[in-house]
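Here the structure comes first, spelled out in structure tokens, and everything after it is commentary.
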Amino acid sequence: MKREQVFEFFRRLAEANPSPTTELDYINPYTLLVAVVLSAQATDASVNIATGPLFRTIRTPKQMIDLGEDRLREAIKTIGLFNTKAKNVIALSRSLIDQYGGEVPRTRDELQTLPGVGRKTANVVLNTAFGEETFAVDTHVFRVCNRTKLAPGKTPEEVEAKLDRVVPKPFRRDAHHWLILHGRYICKARLPECWRCPVIDLCPYQPKTPPPGERVKPSAARSATPASSGVRIAKGRTAAKPKEGRSRSRPSRLP
Ligand code: SF4
């Protein structure tokens with residue numbers, strides 16, 4: 001994507017949502033850190049359901065240690081991987097007290113020394129709690145950056161490095177929120193909602209998804225496909241021929 005297109009891309013996302021933020025509920029940097037750790041492989045909504053009651057009384061590492069692992073496990077048992085997450089939250093709370101005087105550190109390196117805290121979590125905390133211009137690359141950001149060619153890359157680290165290079169100054173602070181929300185609600189994994197996408201003309205991804213009323217039903221598409229254009233793969237079923245020169249194991253679409 002060209003420089004002026006990148007600017008226009010974010011200008012439109014900013015116009016649609018001038019003050020984006022995380023959808024995780026939190027009270028202070030510590031509760032944000034806990035919420036982000038709990039959100040790994042879980043939805044923000046499911047985390048909020050558990051942390052709502054928890055954060056009414058637990059807002060500091062000391063209070064979390066006093067609560068203890070068993071009661072924390074019980075409080076978050078509706079969240080996936082709650083056993084491991086309870087262990088990590090207790091361990092990171094202890095580390096915060098022992099190493100950082102009970103405060104959440106403000107550098108990525110320090111944050112990543114905490115149990116259960118990887119680069120993405122550290123970036124979210126630095127950005128959302130402390131206003132740093134960091135780019136947390138989760139599955140939504142990764143997908144949007146590759147589909148739109150805004151910042152294509154094979155790994156989250158590669159995408160993050162490209163975002164750092166291309167995102168213009170006025171949008172750097174909120175870029176990752178716009179990208180997450182765009183991926184979560186419009187540029188969805190299974191079926192991007194291109195027909196209502198504000199950046200459709202800037203995005204090279206194909207095929208674009210038409211509005212629901214204009215989509216060809218799979219059964220109609222099948223009956224319109226001549227049998228000779230497919231490869232027989234099982235009795236009574238056909239599949240499209242793989243294109244020449246394309247690896248058969250490679251997905252036909254980016255994530
Ligand atoms: S046009 Fe479609 S693929 Fe491109 S960003 Fe929008 S929703 Fe995603």
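Values computed for the structure shown
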read-out: Scan of region 136-151 for residues that are more than 20 Å from GLY118 (Cα to Cα) and in contact with a helix residue (DSSP H, G or I) (Cβ under 6 Å, 6 or more places away or on another chain), ordered by number; value: VAL144, CYS145, ALA151
read-out: Within region 191-205, tally of residues that are closer than 23 Å to ARG3 by Cβ and among the acidic types (Asp, Glu); value: 1
read-out: Filter pass, HIS176 being crowded, with 21+ Cβ neighbours inside 10 Å and at pLDDT below 95; value: yes
read-out: Out of PHE130, PHE142, sole residue that is away from the ligand (no atom under 16 Å from the Cβ) and either modelled with pLDDT of 95 or more or touching a strand residue (DSSP E or B) at 6+ places or on another chain (Cβ under 6 Å) (or both); value: PHE130
read-out: Region 100-119 - residue that is part of a helix (DSSP H, G or I) and either aromatic (Phe, Trp, Tyr) or surrounded by 20 or more Cβ atoms within 10 Å (Cβ to Cβ) (or both) and, of those, farthest from the chain's Cα centre (by Cα); value: TYR100
read-out: Residue among VAL124, VAL166 that alone is aliphatic (A, V, I, L, M), crowded, with 22+ Cβ neighbours inside 10 Å and either away from the ligand (no atom under 16 Å from the Cβ) or over 21 Å from ALA40 (Cβ atoms) (or both); value: VAL124
read-out: Long-range neighbours under 7 Å by Cβ, at least six apart or interchain, first residue touching a residue at least 60 places away in the same chain (Cβ under 8 Å) within region 1-22, second not in a helix (DSSP H, G or I) and not aliphatic (A, V, I, L, M); value: MET1/LYS149; VAL6/PRO168; PHE7/PRO168; PHE10/PRO168; ARG12/PRO198; LEU13/PRO198; ALA16/PRO198; PRO20/ASP174
read-out: Lone qualifier among TYR30, TYR26 - being outside any helix (DSSP H, G or I) and surrounded by 20 or more Cβ atoms within 10 Å (Cβ to Cβ); value: TYR26
read-out: Hits in region 89-135 (condition: of a type in the set (Gly, Ala, Ser), touching a residue at least 24 places away in the same chain (Cβ under 8 Å) and in contact with a helix residue (DSSP H, G or I) (Cβ under 7 Å, 6 or more places away or on another chain)); value: SER93, GLY102, GLY116, ALA129
read-out: Test: residue in region 170-178 that is within 8 Å of the ligand (Cβ to nearest atom), in a loop (DSSP other than H, G, I, E, B) and among the charged types (D, E, K, R); value: no
read-out: Among the residues listed as GLU214, GLU158, GLU193, GLU244, the single one being over 30 Å from ALA129 (Cα atoms) and modelled with pLDDT of 95 or more; value: GLU193
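Conditions tested, residue by residue: (1) at pLDDT 50 or above; (2) among the acidic types (Asp, Glu); (3) in a loop (DSSP other than H, G, I, E, B).
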residue	(1), (2), (3)
ILE180	yes, no, no
THR209	yes, no, yes
ARG222	yes, no, no
THR238	no, no, no
SER252	no, no, yes
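The values are calculated or read from the model by the stated rules, or taken from the named source; none is laboratory data. Remember, it's a predicted structure, so these values are computed and weren't measured experimentally. In this analysis, Cβ positions are derived from the backbone assuming ideal geometry, glycine residues included, and neighbour counts consider all displayed protein chains.
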